[in-house]
Amino acid sequence: MKSVDAHLADILATVRPLAPLELELEQALGGTLAEEITSPVPLPPFNNSAMDGYAVRSVDIAQVPVTLPVIDDVAAGSDELRAIGPGHTMRIMTGGPLPAGADAVVPVEWTDGGTVSVRIDRTVEVGNAVRHAGEDVPSGAVVLEAGTLIGPAQLGIIAGVGRRRVLARPRPRVVVLATGAELVEPGLPLGPGQIWDSNSFTLTAAALEAGADAFRAPTVGDDPAAFLEQLDAQLLRADAVITSGGVSMGAYEPVKEALAPLGTVRFEKVAMQPGMPQGFGVVGDDQVPVFALPGNPVSSFVSFMLFVRPALGRMRGLPAGPAETVTARVAGAVRSPEGKRSFLRGRLDPGGEVTPLRGQGSHQLAALASADALIVVPEDVTDVPAGAEVQVIRL
Ligand code: AMP
Ligand code: MG
């Protein structure tokens, strides 16, 4: 049997970072910058007020209280500004450009708030409540390095330096395609022998959470030809495809039957539990990676976490490796088959103790839904006593 590490290594050796594209800001969230972002102007671009108050020459209010004429109003966005002469003030709003001649802002709270003249009760130092041009970003400075993941704040600075588009690796487009003659859409009644399709929802959501644009394709039954037809239709818009079901040793295994003959997708036994049958390879002219995951709900989810998630990271141009683990103490004894790496469902408490859950079958979706960690038991360990240290993958 192939090891978990060898299978991941094969996958990471095959998938490539997506080519960068010019993305509109609205499309760029979750992308990875493929260029350095610099600011063409200083930020802020001009000296402006940090508060609502009065622009003053600080020497004019060295003695307080003092009452001075208010010669104008400056709102954010004001232009054609007059200068402030000796003994004058202007009412100014947050973000309003500091008028020439003024060197400080007196917050409105330290005045009587007058509009024709204003009584000022406190002195201020030069520069009080003034935001200076370039104090956030000097002109020409780099604000984001290539390789940066674009989150909300990164989008903010890209827009804040005036860019409409960026060169970035986009979120991978992932199509999820579940197979199984027994599957019924949730919301429709179950017939004899049928179950509601859950994997396609889990896997689509997991791919979304992993930074992909994920789409759920219509489910297909156990006919390899129908599967190939659906796969073909979906390939057009896919940077990767995840299938569920139809990869094990039985009959009616449409994914395996359809893809194995292509010669570009390998179906193997990986030494893990759950999730032993795994398929991976590329299909189509564009060599789109296909992750053919087993159908048992826990198996497909664990397979996603171990293999697909890192691969999506690589496609996004991010550092990609095995799922991260943390050390915990296991609250109860657990067992694991010899020669396989086990991933048992557990709950991790803040004190670093992980409790194995009841219902460790690979079909037991409810236990998975109440788990927040996978307890990893190495291949050469069969019995883990209560209180032992284990590695866990947080979910
Ligand atoms: P398979 O890998 O197709 O042999 O399926 C293994 C087990 O997983 C069977 O009990 C299937 O009914 C179940 N299964 C397969 N696909 C799904 C799905 N999309 N949602 C929930 N269970 C599934
Ligand atoms: Mg099946």
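The values are calculated or read from the model by the stated rules, or taken from the named source; none is laboratory data. Since the structure is predicted, the reported quantities are computational estimates derived from the model, not experimental observations. Virtual Cβ from ideal backbone geometry, glycine too; neighbours counted across all protein chains shown.
For this structure, a couple of remarks:
- Screening region 116-156 for residues that are polar (S, T, N, Q) and either part of a loop (DSSP other than H, G, I, E, B) or in contact with a Gly (Cβ under 9 Å, 6 or more places away or on another chain) (or both) and picking the one that is surrounded by the fewest Cβ atoms within 10 Å (Cβ to Cβ) gives Ser139.
- Looking across region 202-212 at every residue that is in contact (Cβ under 8 Å) with a residue 12 or more places away in the chain and in contact with a strand residue (DSSP E or B) (Cβ under 7 Å, 6 or more places away or on another chain), the one that is surrounded by the fewest Cβ atoms within 10 Å (Cβ to Cβ) is identified as Thr204.
- Every residue from region 282-297 that is free of Cβ contacts under 8 Å to residues at least 60 places away in the same chain and over 11 Å from Thr243 (Cβ atoms): Gly284, Asp285, Asp286, Gln287, Val288
- Residues that are touching a Gly at 6+ places or on another chain (Cβ under 7 Å), modelled with pLDDT of 95 or more and aliphatic (A, V, I, L, M), drawn from region 302-324: Val302, Leu312
- Gly87 part of a loop (DSSP other than H, G, I, E, B), among the small types (Gly, Ala, Ser), in contact with a helix residue (DSSP H, G or I) (Cβ under 8 Å, 6 or more places away or on another chain) and farther than 20 Å from Phe46 by Cβ: yes
- Residues in region 174-228 that are within 18 Å of Phe301 (Cβ to Cβ), of a type in the set (Val, Ile, Thr) and either touching a helix residue (DSSP H, G or I) at 6+ places or on another chain (Cβ under 8 Å) or within 16 Å of ligand 2 (Cβ to nearest atom) (or both): Val174, Val175, Val176, Thr179, Ile195, Thr202, Thr219.
- Some residue of region 268-286 being surrounded by fewer than 18 Cβ atoms within 10 Å (Cβ to Cβ) and polar (S, T, N, Q): no
- Against the test of being free of Cβ contacts under 8 Å to residues at least 24 places away in the same chain and out of contact with any strand residue (DSSP E or B) (no Cβ under 8 Å at 6 or more places or on another chain), the options Pro152, Pro192 yield a single qualifying residue, Pro192.
- Filtering Thr14, Thr38 for residues that are touching a Gly at 6+ places or on another chain (Cβ under 7 Å) and surrounded by fewer than 16 Cβ atoms within 10 Å (Cβ to Cβ) leaves a single hit, Thr38.
- Test: residue in region 159-182 that is without any contact (Cβ under 8 Å) to a residue 60 or more places away in the chain, within 16 Å of ligand 1 (Cβ to nearest atom), surrounded by fewer than 13 Cβ atoms within 10 Å (Cβ to Cβ) and part of a loop (DSSP other than H, G, I, E, B): no
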